[in-house]
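To start, the structure under review is shown below, and the notes come after it.
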Amino acid sequence: MIDPSAAGPGPKGLNRISGFTLLELIVVLFIISLLSAVTLPSFFGTAADSIKTDAKKIASLVRYLNDSAIYSKKTYLLQFDLKERAIAWSGPEGDKTEKFLTLSGLNLQSRGTVTDGQVTVFFSPMGLRENLDIFLREADKGSKVIFNSLSGRVKIENDE
């Protein structure tokens, strides 16, 4: 049998029981609350953030392909797969594909509004020859990327 006094004498010959002090517990709780205060807000509001992020990426991609086609005197394509919610493109760096879960449709002057199937647009050495609207939607939030073929400018409009 183990002798309880073998743990070592405490004050006045009593056994000392080890544990955490109140100060140590307060410090640990403070650190945990500080970490959760920093990380938890990033998990909320993701619907609006994903639409804004997707809109910025798509606007940048359209502007990049249009400018690259004009400056390099080459033709690049941008293909929308609305069923898979993906965009594929061939550009100066080669062929790439990216999924955009908020992609819901697009509007072209030549085809009207399209919400299903695949649509390919070509950026020729003279740029994209028609206006292009790309619709993004998630839950009750929406956004639209608008490309003006005359000015070559891209604008993002958010539904409020």
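Check Q79 against each of (1) polar (S, T, N, Q); (2) farther than 16 Å from E157 by Cα; (3) in contact with a Ser or Thr (Cβ under 7 Å, 6 or more places away or on another chain); (4) part of a helix (DSSP H, G or I) and name the one condition it does not meet.
Going through the list (1) polar (S, T, N, Q); (2) farther than 16 Å from E157 by Cα; (3) in contact with a Ser or Thr (Cβ under 7 Å, 6 or more places away or on another chain); (4) part of a helix (DSSP H, G or I), Q79 breaks only (4).
From the list T21, T53, T39, which residue is under 23 Å from F135 (Cα atoms) and at pLDDT below 95?
After ruling out the rest, the residue left standing is T53.
Would you mind telling me which numbered condition in (1) crowded, with 17+ Cβ neighbours inside 10 Å; (2) over 18 Å from S151 (Cα atoms) L132 fails?
(2)
Restricting the search to region 62-76, which residues are assigned to a helix (DSSP H, G or I) and either under 13 Å from K99 (Cβ atoms) or of a type in the set (D, E, K, R) (or both)?
R63, D67
Hey, G105 hits all of (1) among the small types (G, A, S); (2) within 22 Å of the chain's Cα centre (by Cα); (3) surrounded by fewer than 17 Cβ atoms within 10 Å (Cβ to Cβ) but one; which does it fall short on?
The failed condition is (3).
Just give me the residues in region 132-147 being in contact (Cβ under 8 Å) with a residue 60 or more places away in the chain and among the aromatic types (F, W, Y), in sequence order.
F147
Across region 69-90, what is the number of residues that are over 17 Å from I134 (Cβ atoms) and buried (at least 16 other Cβ atoms within 10 Å of the Cβ)?
Of the residues in that region, 3 qualify.
Which residue out of S33, S104 is out of contact with any Asp or Glu (no Cβ under 8 Å at 6 or more places or on another chain) and either part of a strand (DSSP E or B) or within 17 Å of V145 (Cα to Cα) (or both)?
S104
Could we say that G127 is in contact (Cβ under 8 Å) with a residue 40 or more places away in the chain and closer than 19 Å to D159 by Cβ here?
It is false that G127 is in contact (Cβ under 8 Å) with a residue 40 or more places away in the chain and closer than 19 Å to D159 by Cβ.
The values are calculated or read from the model by the stated rules, or taken from the named source; none is laboratory data. Bear in mind that the values here come from a model prediction, so they are computed numbers and not experimental data. Reconstructed Cβ throughout: ideal geometry from the backbone, glycine too, with neighbour counts over all protein chains shown.
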